[in-house]
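Just so it is clear, none of the values below were taken in a lab; they were calculated from the coordinates. Please read these numbers as outputs of a predicted model, since none were measured by experiment. As a convention, Cβ positions derive from the backbone with ideal geometry for all residues, glycine included, and neighbour counts pool all protein chains shown.
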Amino acid sequence: MPGRIKRHTSIEILEHWVLAASGIILIFTGLGCLPLFKRYYITEIPGFAWTGDFNTVTTVHYTASIFFVMAVCFHILYHGIKKEFGLLPKKGDVKNGIKVMAAMIGIGEEPPSDKYLPEQRIAYIGIGAIILLLTVTGIIKVLKNLEWVVLSPSSEALNTIIHTLSGFIFMIAFIIHVAIVIFFKSNWPLLKSMFTGWVDEDYVKHRHSIWYEKIKGKITQEELTEPKETEPCKEEENAHKDNN
Amino acid sequence: MDITRRGFFLISTGLLSSILIKDNAHGKEGRYATLIDISKCDGCCGEPIPRCVLVCREQNKARFPEPKKPIHPYWPRKTYEDWSDKKGMINTLTPYNWIFVQKVTVDGKDIFIPRRCMHCDNPPCVRGCPFGALTKRPQGNSVINESLCFGGAKCRDVCPWHIPQRQAGVGIYLHILPKYAGGGVMYKCDLCKDRIEKGEEPACVVACRDRLKDKAVFTFGERINIYELARKRVREQGLFLYGDRQNGGTSTIYLSEIPFDAIEKALASKKERFQMPYEVRNKIQTTFNPIGKVVITSGFLSIAGAVVSAIISKNREKGGDEDARKD
């Protein structure tokens, strides 16, 4: 009887979705801070008239940034203190990451992986760096508007350009991240886990064999069978088998 | 973990110190201010062009836009802003005319108001430009960098007086996505940035004094002196002030014998393109900054929460391991 393995803790799930939700709002209102919405008739969509007012858009952007900044600060400190560095890239990740991506579109076999796939580690450090850059430049903008820091004209301009450009890169990275999860069935168990925290044992055995080897001795009988009421249904199991 | 933490702090400190270049930085208020006494302005009666307008055009003609034609509309819109065939227009602000003298009649009396950028203390145009094309200089003037400006006209939208003016067919947008993003370059008074950096007065100030001598409309100087002079005249002559507190304060203050709320009403009733709203709140100060304080505070709270949660979680895991060993 296949068991279930804990992949995401409640804290990780909360961090992820707070960042995702605030990130979507920040991308949308960030685009609104550029003069785009009026030109492209977005303001004429029912319920979107507010997007034409820069003051309202900036107010929403600022409000969403409260949650974004909180999630970023929490993530770095919490996992840093706990020494949870499994998502930081390792040697050979580029080569193996390409193999994983190729396998997603049906070319070759996936190399054995630890808890995180090599391409996940590369994506993490890439998107993490962009998020950090956005957060730092965004906070500088806030401090500068508060006049708690005083910037030289050229530094203010440079900070603004970096924030705007990294915002674009973040938007592209965000879209790629969502597309890879949605369009490749092999990633669906991870999406499910980002809601429930659990993945099927079979999934781990096949896709994260190195991780499985590490933890299988520690998996208690309880984890393998519990919680019964949320065990995968037959269809999901079959889909999972097909996938592998 | 120590290395990571130390590295993080080093990077943050480096980033912060690199942007805090104090010697070239402006404070809340710039160094200079201009006093415009409209009780003295006659719009250069009898002259074809007011002196301030004439000299401004002369001073800045090398910087006026020369658009590449044909100019394409701002897709998907069918419109674009082109003033290149109205270069001679002097009775309004255009990319080719950065100051104009506005005539308005209040209670049967004609008054003339030289209008240009107010050079705000906390300018929404500078703070809001997404491309960093606008900067506030230590001298107190807000300046548009023509080579960085995309011409989105956000600065005009957020300016309480809608001062910056757009010319299509010029600027950086032509080299990026000319059809889909950007709309030209914005133009406005920069208080003769090159002149004031050298310690000279703006051209309009000099031209006005040449004509009116000690009765000149414009007085330019150290901000503290200008503000003092303006307040003294308010006290002694019962004049009215404008620009000292509008939008949180500016580097341009108007003096008038007629109350500015009456001028506001007169301009509003004429549906003038350039208004003089009396109550102007600075949205950065009144709306964004209170949320900004929450952003900073919640960031610190989150850091504290992360440290506490991580320690609790580590202890719990340690306890779990010990229990397992006991078993």
Which GluC sites (Glu not before Pro) from the stretch B:256-327 combine a DSSP loop assignment with at most 13 other Cβ atoms within 10 Å?
B:279
Per residue of A:53-61, other chain Cβ atoms within 10 Å number on average 4
Most positive-pole-ward Cα, A:149, A:104, A:27, against dipole of chain A from beta carbon charges
A:149
With Cα coordinates, the longest principal axis of chain B makes an angle with the long axis of helix B:223-237, in degrees rounded to 10, of 50 degrees
To the nearest 500 deg cm²/dmol, what mean residue ellipticity at 222 nm is calculated for chain B from DSSP H runs of n ≥ 4 alone, each contributing -39,500 (n - 2.57), summed and divided by the residues?
-11000 deg cm²/dmol
Just report the Cα centroid separation between the stretch B:171-244 and the stretch A:68-117, whole Å.
56 Å
Just to confirm a number: summing +1 for Lys and Arg and -1 for Asp and Glu over residues other than residue A:54 whose beta-carbon lies under 13 angstrom from that of residue A:54, what do you get?
+3
Give me the count of lysine pairs in the stretch B:127-202 whose alpha carbons sit under 24 angstrom apart, restricted to pairs 8 or more positions apart or on different chains.
8
If unit charges are put on Cβ atoms (+1 for Lys and Arg, -1 for Asp and Glu) and the dipole of the protein assembly as shown is taken about its Cα centre, the option from A:197, A:66, A:140 lying farthest towards the positive end turns out to be A:140
Counted neighbours (other Cβ, 10 Å), sorted fewest up, put A:62, B:96 in the order B:96, A:62
For residue B:109, go through the lysines and keep the ones whose alpha-carbon is under 16 Å away, minus same-chain ones fewer than eight residues off.
B:40, B:265, B:270
In degrees, nearest 10, range 0 to 90: what is the angle between the Cα axis of helix A:10-33 and the longest Cα principal axis of chain A?
30 degrees
Of the lysine pairs in the stretch A:37-171, how many meet both conditions: Cα atoms under 23 Å apart, and a spacing of 8 or more in sequence or different chains?
11
Average partner chain C-beta neighbours within 10 Å, per residue of B:274-285?
1
Restricting to DSSP loop positions (anything but H, G, I, E, B) with no more than 10 other Cβ atoms inside 10 Å of their own Cβ, which GluC sites (Glu not before Pro) remain in the stretch A:83-129?
A:109
Cα-only Debye scattering, the stretch A:4-243: base-10 log of I(q)/I(0) at q = 0.09, 0.14, 0.16, 0.17 Å⁻¹:
-0.50, -1.03, -1.21, -1.30
Hey, what angle do you get for helix B:289-326 against the long axis of chain B, alpha-carbon based, 0 to 90 degrees rounded to 10?
10 degrees
So which GluC sites (Glu not before Pro) in the stretch B:156-235 pass both tests, a DSSP loop state and at most 14 other Cβ atoms within 10 Å of the Cβ?
B:200
Could you sort the peptides B:116-128, A:70-82, B:40-52, B:283-295 by per-residue average Cβ neighbour count (10 Å cutoff), highest mean leading?
B:116-128, A:70-82, B:283-295, B:40-52
Could you compute the net charge surrounding residue B:76? Neighbours are other residues with a C-beta less than 10 Å from the C-beta of residue B:76; K and R count +1, D and E count -1.
+4
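From Cα pairs below 8 angstrom and at least 6 apart in sequence, can you work out the relative contact order of chain A, rounded to a whole percent?
Relative contact order for chain A comes out at 29 percent.
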Given the rule -39500 (n - 2.57) for each run of at least 4 DSSP H residues, summed and divided by the residues of chain A, what is its mean residue ellipticity at 222 nm, to the nearest 500 deg cm²/dmol?
-22000 deg cm²/dmol
Using alpha-carbon pairs under 8 Å, 6+ residues apart, how would you state the relative contact order of chain B in percent?
21 percent
At 20 °C and 1.002 mPa s, what whole-number value in µm²/s does Stokes-Einstein give for the translational diffusion of the stretch B:30-99, with Rh from the Kirkwood sum over Cα pairs?
145 µm²/s
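Over all pairs of distinct alpha carbons, what does the Kirkwood formula give as the hydrodynamic radius of the protein assembly as shown, in Å?
Working: mean 1/r = 0.0363 Å⁻¹.
When all Cα pairs of the protein assembly as shown are included, the Kirkwood radius is 27.6 Å.
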Relative contact order %, the stretch A:1-131, counting alpha carbon pairs below 8 Å whose residues are six or more apart
20 percent
Translational D (Stokes-Einstein, µm²/s) of chain B at 20 °C and 1.002 mPa s when Rh comes from the Kirkwood sum over C-alpha pairs?
94 µm²/s
